[in-house]
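Each reported figure results from applying straightforward, stated rules to the coordinates on display, with no laboratory input. Everything numeric here is computed off the predicted structure, so don't read it as measured data. Neighbour counts are summed over all protein chains in view; Cβ atoms, including those assigned to glycine, are modelled from backbone coordinates with ideal geometry.
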Amino acid sequence: MIRPLDRTAGAIAGSSILAALILLPFTQDPSYLISAIPLVVLLGAIGLALRRMRVNDAIAFLAQLVALVVYLFAISLSLARPGQGMAGLFAEGVRHMSTHTTPMIADPGLTMLLVATVGVTTILTDLLAEGVDRPGWALLPSLTLYLIGAVGLLRDIPWWTILPVAVGYLWILLADGINSAESWPRHLERTVRLTGRITPLALRMGGVVAVAALAATLLVGLVVPLPPAHQLNGGQLNQDTGPVQLTDPMLDMRRNLSQPADTDVLTYTTTAAGGEYLRMASLSVFDGRGWQNASFHLTQGNTLPAPPGMDTPGPDVRTQVKIGDFRAEYLPLPYAPKRFDAPGQWAYGTDSLVVVATGQDRTAATRDLSYDVTSIDPTPDGTRLSTAMAGRPSDANLTGAVPQDMPQEIVDLTLKITQSEPTPALKAAAIQKYLRSDQFSYSLEPQPGTGYDAMKRFLLQDHKGYCEQFAGSMAAMARIIGIPSRVAVGWLPGTRKGDGYSVTMHDMHAWPELYFEGVGWVRFEPTPGVAVPPAWTMTAPEQPSATPTPTASATPEAAPTPSVNPTVSAAPVQPAAPVINVLAVFARIGVAIGLLALVTGLLALPGLLRHRQRRRRLAPPDGGDVEVSQQAVDAAWSEVRDSFVDYGYTWPSGSPRAVGRQAAQVLPEDAGRALVILSRQVERSRYALAAVHSADLSALVGTVRDGLRTDKGWDARLISEWWPRSWWRALGQALAWQALWARAKAVIAGWRAR
């Protein structure tokens, strides 16, 4: 026959193993389960063994904590690098979380953190379900893991992750229900014999409830959360009249760059020195098919919101644009547009600040169009950029997501390029410098392969491509190191003509935009030979003294490097703060909440264990007997003694009758009388073997405890209930090695006697 203690321990272990599955969406490497599952079994076995030996629950809790530390130290010997140690491994895991988005690539430090999380979850579940005898609270540890994932992941958490939480919790409740059912009063034994054993009956009843609860959970989980926007209607704009399908700007760019005749597209004048990049589209979805449009909601109007993430906007720039025979649904605008005056119906996306036509014949809305634009100069301060952290834009679920099937070769290359750089800006500059090196060349010739295959061929084999490959590769590599990114498609500044600039078909271009905290979206230029990288994206040794004019994307030639803007510090400096991303923010919040909960739980632990002890001492006898044994009377007497100690009173010595008379003097009359009566019942149960009623014991102890609280203030009551002196005294006695050894020998002798 399974003991109640064994049944609960099995349920706790099973629930903790299921909780370990909740962490799978955080990582691409599930191997942490190989270490986590044995740890759960070990901690459960330690708790079960100590409780079978009737060791204090606090000792069991401490023993599990010690076992967790020893186990983590043991696995760190195989995971850590020489000289790194367990602390260094944890620090590496924190850094890894700070520089990667979910699902994170494999890392020994991350594995260590995940295994430790599973261990802490197991210990807390065991403490709540068995240590303080609150099985209903056992949901909290696994539910905390689920909520951290639901809030912190940069994409929707998988629907199935709620199942381990629900199944594990039901398992613990079912075990507790069976334990309670097997202790039902004896007059129900006949009913049990007629219907079979209690356990199968409880299983059938629990199964009905579990199926209904899980079905409702799945239904709510599938109906309420919406999938990511780009999976609903990728490349569409949601507006009141329905979705508007956008064309693929990458296809238009390939076609335009391949045109044999380099025809004029538009002319413009601007107050910006050196011309303007005219931005049309922003691609924020990246997967195995490449870079694509995302779905976003349209806002009608010509006044745009402030650029996302830019704490200190630059001066206004005014630009007048005149488009010729060029048909498009995207309105070419300098970033960051503030207001535009253009004929027709236009709407914008609040995250991307992309403006598109929504009226009739919208695919030709730009033909022969003239309009004015007021924009904000996005030039960042070089010093601030060099120390800025990777930020979290409002669409981080798209712009920060790294595909789970990202080729490991690209990940390894990215980490190799950036491993020596301490800040996000320096890491991004290192990627740009690598792509602009002599190892790569510009070519409009079509290369074989698509998606990941094309990117791997470009980065690892032939190193040939045009702006689509350079921009797309840098944006993807930026995400790997934790920097949100997107690919912008538009036009180079063009050629200076008189007071303005002329832009031709071959000036169509793509470039990456990376997001930094306090700075917002920053343009980089990794394409060599056709465009000049911004001064703020280069380190000091790369800075020359000449200021050239950018050339067209379709006419590759040696590109001179730009001069340093005298108002911008272009040399990145050592940061004052570590690099973080959104996952790190939520991880820190989760750690803070977890530490607060752990500290609160530890502070409340003595009171909870003392309360559980009181309940057991005063519990009614099994089978509904009215008369109780001598052990029950002694337990009530012990409860009164410990209550005296908790409230700061001295417990006298002597016979029960003498102790009762002496201790009653510090109590109110009713409480003193109850104590004297209880002392007499203790004597009768010990020497006269007289019957004592269980109801009398509970009432007498309650009256005595009420009397002890009468003259105490709220602070003294709080300390007495939640920081009981008797519990600490018992803990000190239990920690004595002689007491433990004597108890162990008594248990062994009892087993032999059986």
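For the range 401-545, how many pairs of lysine residues have a Cα-Cα distance under 27 Å, where the two are 8 or more positions apart or belong to different chains?
Number of lysine pairs found: 9.
What is the calculated FRET efficiency for Val66 to Glu721, with r their C-beta to C-beta distance and R₀ = 22 Å, to the nearest 0.05?
0.20
Could you work out how far apart the two model spin labels at Ser78 and Asp462 are, taking each label as a point 7 Å from the Cα in the direction of the beta carbon, and quote it in nm?
4.4
On a full-extension model of 0.36 nm per residue, what is the gain between Thr312 and Glu683, subtracting their alpha-carbon distance, rounded to one decimal in nm?
Full-extension gain reported as 125.3 nm.
Starting from the exponent 0.38 and prefactor 2.2 Å, build the expected Rg for the range 386-501 from its residue count and divide its actual Cα Rg by it.
So the Cα radius of gyration is 1.17 times the expected 2.2 N^0.38 Å.
Between the range 406-448 and the range 468-486, what is the separation of their alpha carbon centroids in Å?
If you average the Cα positions of each part, the centres end up 9 Å apart.
What whole number of Å gives the distance from the Cα centroid of the range 629-679 to the Cα centroid of the range 359-385?
After rounding, the separation between the Cα centres reads 85 Å.
Provide the packing ranking of 365-376, 404-415, i.e. peptides ordered by the mean count of other C-beta atoms within 10 Å per residue, highest first.
Put in order of decreasing packing, that is 365-376, 404-415.
Using a 7 Å offset from Cα along Cα-Cβ at Asp372, what residues in the range 485-512 end up with backbone N under 20 Å from the label point?
The answer is 499-501.
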